[in-house]
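What follows is a set of notes on a single structure, which appears directly below.
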Amino acid sequence: MSERAYDAVIFDLLTALLDSWTVWNSAAGSAEDGLKWRRKYLEFTYGAGSYRPYEEIVADAAAAAGVRADAPARLVATWDDIAPWDEVRHVLQALAARVPLAVATNCSVALGRRAAALVGVPFRAVVTAEEAGFYKPRPEPYRRALEGLGTAPARTLFVAGSAADVPGARGVGMPVYWHNRMRLAPVYAAKPDFEHDTLLPLLSLV
């Protein structure tokens with residue numbers, strides 16, 4: 001029997017595993033406003049420095065993007081409507097039988113726990129930006145997830161959902177699979193080790 005390529009897998013949660021796009025767009029009132037809002041939110045989290053309350057950043061981003069005033073409240077109220085991508089449970093159930101799984105997500109503890117439960121597959125560790133003290137792509141959330149698993153970065157595959165997760169995870173020494181569902185453009189010069197618009201290839205990689 002050949003040696004397994006990885007000892008564990010860490011996932012981005014709100015994009016790699018869950019279709020948070022649909023709920024953001026619905027809260028904003030349209031896909032166009034949802035995209036503007038989300039881009040501002042990402043800009044604010046990437047520049048946040050130490051952790052600032054997730055809900056505060058979401059609200060500030062909504063105001064800066066000029067979306068409806070009640071969008072942040074609508075997002076939180078419909079948070080539990082976020083659904084996993086179609087293949088998520090099948091793929092993660094298979095992977096969980098082979099290696100431990102973890103999540104590193106850019107949100108509060110409360111919303112992170114609720115979102116992780118929506119996946120329907122248990123994780124060895126669920127790390128939020130609030131617990132780590134910083135938002136990805138800062139190294140602290142990735143390192144905390146690695147500590148929760150007790151695995152070496154080079155032996156732990158990170159499954160990115162956003163473009164910034166690619167250089168973020170690679171920066172701490174992890175190989176990266178970019179689940180580029182929305183076919184987004186890369187950021188910076190960092191390239192993932194693998195890039196697909198589905199999670200299914202993980203079944204032959206892990």
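In table form, for the structure just shown:
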read-out: Residues whose placed amide H lies under 5 Å from that of Cys107, excluding near-sequence neighbours; value: Ala129, Glu130
read-out: Rg [Å, one decimal], Dmax [Å, integer] - the chain, C-alpha atoms; value: 16.1, 58
read-out: Sparsely packed chymotrypsin sites (Phe, Trp or Tyr not before Pro) within segment 129-206, loop by DSSP, other Cβ within 10 Å at most 16; value: Tyr188
read-out: Surrounding net charge for Asp12, when Lys and Arg each add one and Asp and Glu each subtract one, Cβ distance under 10 Å; value: 0
read-out: Residues Thr78, Thr156, sorted so that the one with the fewest Cβ neighbours within 10 Å comes first; value: Thr78, Thr156
read-out: Stretch gain in nm, segment Ala77-Arg89, where the contour uses 0.36 nm per residue and the Cα spacing is subtracted; value: 1.9 nm
read-out: J(HN,Hα) series, segment 107-113, from Karplus relation 6.51 cos²θ - 1.76 cosθ + 1.60, nearest Hz, glycine and proline x; value: 7, 6, 4, 4, 6, x, 5
read-out: In order through segment 41-46: 3J(HN,Hα) via Karplus (6.51 cos²θ - 1.76 cosθ + 1.60), integer Hz, x for Gly, Pro; value: 4, 5, 4, 6, 5, 5
read-out: Sequence-distant residues sharing a close amide H with Ala8 (under 5 Å, placed H); value: Leu157
read-out: Segment 41-116: trypsin sites (Lys or Arg not before Pro) falling in loop per DSSP and having at most 16 other Cβ within 10 Å; value: Arg68, Arg98
read-out: At q = 0.20 Å⁻¹, base-10 log of I(q)/I(0) for segment 20-80 (Debye sum, equal scatterers on each alpha carbon); value: -0.65
read-out: Karplus 3J(HN,Hα) series, Hz, for segment 115-128 with 6.51 cos²θ - 1.76 cosθ + 1.60 (x for Gly, Pro); value: 5, 4, 5, 5, 5, x, 10, x, 10, 5, 8, 10, 10, 9
read-out: Net charge of Cβ neighbours under 14 Å - reference Leu92; Lys, Arg +1; Asp, Glu -1; value: 0
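No value in this document is a laboratory result; all are computed from the given coordinates. What you see is a predicted model, and the numbers here were worked out from it, not measured in a lab. Cβ sites come from the backbone with ideal geometry, for glycine too, and all protein chains shown count toward neighbours.
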